Each structure stands twice: as structure tokens, then as C-alpha cells.
Amino acid sequence: MLTKSFIILATLLFSISLQAFSLGDAASAISTIDAATNTQKSASSTKKDTSSGLIGMLTSQLGVSDKQASGGVGSILSYAQKELSKSDYSTLANAIPNASSLLSMAPKASSAMSALGSLGGSNGGMAALASQFSSLGLDSAMVSKFVPVILDYFKKSNATDAMGILSKLF
């Protein structure tokens, strides 16, 4: 808002200094600024709506909090990052808006689970994933409830490649 006011003031002062000021010029300048501001707000809200879509689906369908939904998706992404090829992980992550942010919201697996994960392959990785869900206050069985919701999100987003990759992973 402060920036918008500054731009309007600067436009008016510039117009006065050129001796070409009219109310029509001021109205035109304000209309242009309003249109640009509304475009930015629209783009911002669209991105927010898209990124909150998956989290919204998880909270409404599973009754988890936003923090649990975000941390759970991040934990699944963390597991996928360790288990998948870079190409497959990239496909999966690109199908989830703000995946890197969600990944950073994944709780750290306990050190015992991390050690087990590094030794035991995917079984150890699943144990680490269960530990992360537990850190979020979620039962480890919730992993199997998150996955179908994520798959449904991919289906609605027409992310069929990501659907196939996640289906094979779980």
C-alpha cells in the first residue's frame, strides 16, 4: 500500500513538473497502477490456492492439522528423494507445488531410524518415515492414508507420471 501511494504521488509530482497535469492523467495513472496491483494479487492468490490444494485435501479428508499435513508430505518427499532416481524424484516433486518448502518441513527422523535407513534400504527408509510421522503426532499407519490423498491430488492435477511413480514407491 505504501508503495502504491508513493507511485501515485511520484506520478502526480512528475505530471505537475511537466505542466501537463490534468485529472484525466491522474485517473489514468491510478487505473494503471490498480490494474497492475490486482494482476499481482491474482497471480499470488492463484499460487497460494494451488499450493494449499494438496494440504487442504489432507486436512479436510484426514482431519490433520496444516502442520501435520505439510510435515507429512515433506516426510514422504524425503523418503522418495532417498529411494527414487533423480529423474523420478524430480517428476514427483514438480507435481507438488512448493515441494522444496514442504521437504524442509519434514521432521528429522530419530538418529536410530536414520542409521537403520542407511543400512536397511527401503525397509529402513520406511522405519524412518514412520518415525517422522510419529514426530508429527501421527500414527505410522497415517502414511498409508496420506498416499491415496496425494494420488488423488495428482489425478485431479493431471500429473499422471507422478501418480505412477508414487504408486510404485508405495
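The values are calculated or read from the model by the stated rules, or taken from the named source; none is laboratory data. Small disclaimer: the values here were computed from a predicted structure and weren't measured. Don't worry about glycine lacking a Cβ; one is built from the backbone with ideal geometry, like all the others, and counts go over all protein chains shown.
For beta carbons closer than 6 Å, sequence separation of 6+ or different chains, a first residue in the stretch 96-107 that is more than 18 Å from Phe133 (Cβ to Cβ) and a second that is at pLDDT below 95, the qualifying pairs are Pro97/Thr50; Pro97/Ser51; Asn98/Ser51. The residue that is surrounded by the most Cβ atoms within 10 Å (Cβ to Cβ), among those in the stretch 147-170 that are β-branched (Val, Ile, Thr) and more than 17 Å from the chain's Cα centre (by Cα), is Ile165.
Every residue in the stretch 131-146 that is surrounded by fewer than 19 Cβ atoms within 10 Å (Cβ to Cβ) and of a type outside the set (D, E, K, R), please.
Ser134, Ser135, Gly137, Ser140, Ala141, Ser144, listed by residue number.
Output the residues belonging to the stretch 95-138 that are at pLDDT below 95, in a loop (DSSP other than H, G, I, E, B) and out of contact with any helix residue (DSSP H, G or I) (no Cβ under 6 Å at 6 or more places or on another chain). Answer for the stretch 95-138, where residues must be at pLDDT below 95, in a loop (DSSP other than H, G, I, E, B) and out of contact with any helix residue (DSSP H, G or I) (no Cβ under 6 Å at 6 or more places or on another chain): just Lys108.
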